[in-house]
1. So how tilted is helix 16-43 from the main axis of the chain? Cα-based, degrees 0 to 90, rounded to 10.
2. What's the longest bit of the chain with no exposed chymotrypsin sites (Phe, Trp or Tyr not before Pro), using DSSP loop states and at most 11 other Cβ atoms within 10 Å as the test?
3. Give me the number: length gained by fully extending I42 to V160, i.e. 0.36 nm times residue separation minus the C-alpha to C-alpha distance, one decimal in nm.
4. Given the -39500 (n - 2.57) contribution per DSSP H run of 4+ residues, what per-residue ellipticity at 222 nm results for the chain, rounded to the nearest 500 deg cm²/dmol?
5. Could you state the angle between the C-alpha long axis of helix 118-133 and the longest principal axis of the C-alpha atoms of the chain, as a value from 0 to 90 degrees rounded to the nearest 10?
6. Helix 153-163 sits at what angle to the longest principal axis of the chain, using alpha carbons and giving 0 to 90 degrees rounded to 10?
7. Tell me, which longest segment in the chain has none of the GluC sites (Glu not before Pro) that fall in DSSP loops with at most 12 further Cβ atoms within 10 Å?
8. In whole Hz, with x marking every Gly and Pro, tabulate ³J(HN,Hα) for the range 96-103 from phi via Karplus 6.51 cos²θ - 1.76 cosθ + 1.60, θ = phi - 60°.
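Since every read-out is calculated from the coordinates, none of them should be taken as a lab result. None of these values were measured; they are calculated from a predicted model. Virtual Cβ from ideal backbone geometry, glycine too; neighbours counted across all protein chains shown.
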Amino acid sequence: MGGRRSEEGGTIGCTAPNRYLAVMKFKKILAWGGGVIVIAGIGIQFIPVDRTNPPITATIEAPPEVMTILRRACFDCHSNETVWPWYSYVAPVSWLVASDVDEGREELNFSQWDAYSPDRCAHKIKECGEEVAEGEMPLWFYLPTHPEAQLTQTDVKTIVDWSKN
């Protein structure tokens, strides 16, 4: 039991005491590894993440039905009116959320509409319609945690029609 027999009659390989020692060593390694992961998980919570909402300098002007859709589905990432959910305070998810909001604001910021020239505003509105029509916005990974941002066919038509005017 536990190994093959040697010519002298003893066993070669793992014996019950050796197996016990190997299992105990493995458990010790797992405990240390788990401890390191827990300590690292706590430690990364202290890495600061910028979750500020800068001042609003000028908000886009659009018909009320369009503004309702934009506020519900777009403003969290594309304005300075982000509502930071609880998980945006837990690393490493907080890093991803902050990065996505920064990227969204950089691409299009409805709260700094005055930073765009009239031609640029028209282009941004046209892009909004195209992105929504193609199903590119809102982003697929945003929707599970923000089901209210899911656009209906009516919402899509409203945004597309607005973007063509």
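1. The two axes meet at around 20 degrees.
2. 1-139
3. Details: separation 118, 0.36 × 118 = 42.48 nm, distance 4.54 nm.
Extra length available between I42 and V160 comes to 37.9 nm.
4. -16500 deg cm²/dmol
5. Computed tilt is about 50 degrees.
6. Around 50 degrees separate the two axes.
7. 62-133
8. 5, 4, 4, 5, 5, 5, 4, 5
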